[in-house]
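K.L.:
Below you'll find the structure I mean.
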Ligand code: E4P
């Protein structure tokens, strides 16, 4: 399963990238607003750090304008992936841009039928939002499972990019049900390494080692 970082924080992206934990990055207009940075500049800088796809989202809502914005974003760096919302206009733009060879991430997916449409429109990635479904009392993970079944039934190559990740449990469950990619806030990825027994065991090893009076270097 690939790990994308859902952030425009360059320091955190670099930190995780140096550990080999970044296969790509996703952004959205809210993430860009939070960064306080110029959109194009920050996307360019992320693309310089990360080799994999970096999603940059259009802000137009009408297909022709989305296509124009997508073509502009695509020129920012060779690894830019154009992010489009799951609307009929977004699907139309998806069809055009993917036919031109531009990778497209279709975002704001909340149903299996929406995911089916995105695959038919040639999306490289579909982004179902787990956390926002959980927030309204639905089961986000059930959606990931449904999309996995539908894509496997028909051999769609669109990758399932599980988004709106809130917990380490979400990441484990995504891996269990076969999501192709997760995009997660950096702090949740870092938490994957945590276990109280690891801390306890390490503490005991360090105390015993100190008793030996030895050093490796
Ligand atoms: C990713 O592509 C989405 O923009 C992101 O995961 C949304 O997460 P949120 O629901 O926590 O805002």
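K.L.:
Can you sort 15, 151 from fewest to most other Cβ atoms within 10 Å of each residue's own Cβ?
P.N.:
Values: 15 16, 151 21.
By the 10 Å Cβ count, ascending, the order reads 15, 151.
K.L.:
Moving on to the next point. GNM, the chain, Cα, under 10 Å: largest mean-square fluctuation among 199, 64, 18?
P.N.:
It is 199.
K.L.:
Consider just the alpha-carbon atoms of region 21-107 and return their Rg together with their Dmax, both in angstrom.
P.N.:
My reading of the Cα-based Rg and Dmax gives 12.1, 36 Å.
K.L.:
If you average 1/r across every pair of different Cα atoms in region 117-191 and take the reciprocal, what Kirkwood value do you get, in Å?
P.N.:
Values: mean 1/r = 0.0802 Å⁻¹.
That comes to 12.5 Å for region 117-191.
K.L.:
Per-residue ellipticity at 222 nm for the chain, helices alone: DSSP H runs ≥ 4 residues times -39500 (n - 2.57), over residue total, nearest 500 deg cm²/dmol?
P.N.:
Helix contribution divided over all residues of the chain: -15500 deg cm²/dmol.
K.L.:
Next up: So if the hydrodynamic radius of region 2-192 is defined as the Kirkwood radius over C-alpha pairs, what does Stokes-Einstein give as its diffusion coefficient at 25 °C and 0.890 mPa s, in µm² per second?
P.N.:
The estimated diffusion coefficient comes to 150 µm²/s.
K.L.:
Then there is this: Anyone know which of 62, 100, 51 comes out most mobile in the 10 Å Cα GNM of the chain?
P.N.:
Evaluated over the chain, the most mobile residue of the options is 100.
K.L.:
Nearest 0.05, what FRET efficiency do residue 2 and residue 87 give at R0 = 35 Å with Cβ-Cβ as r? If you can, show how the numbers build up before the last one.
P.N.:
Values: r = 26 Å, r/R0 = 0.74.
After rounding to 0.05, the efficiency reads 0.85.
K.L.:
Mind sorting 166, 74, 172 by how few other Cβ atoms lie within 10 Å of their own Cβ, fewest first? Provide the component values of the computation, followed by the final result.
P.N.:
Numbers: 166 16, 74 19, 172 12.
Fewest-to-most ranking of 166, 74, 172: 172, 166, 74.
K.L.:
Further question: Which FRET efficiency, nearest 0.05, do residue 139 and residue 198 yield, Cβ-Cβ r, R0 25 Å?
P.N.:
Working: r = 30 Å, r/R0 = 1.21.
Efficiency at R0 = 25 Å is approximately 0.25.
K.L.:
Only Cα pairs within less than 10 Å get springs; with that Gaussian network setup on the chain, which residue of 29, 128, 196 has the largest fluctuation?
P.N.:
Of 29, 128, 196, the most mobile in the Gaussian network model is 196.
Each value in this text was obtained by applying a stated rule to the coordinates, not by laboratory testing. Worth saying up front: this structure is predicted, and the values here are computed from it rather than measured. Methodologically, a virtual Cβ is constructed for each residue, glycine included, from the backbone with ideal geometry; neighbour enumeration extends over all protein chains shown.
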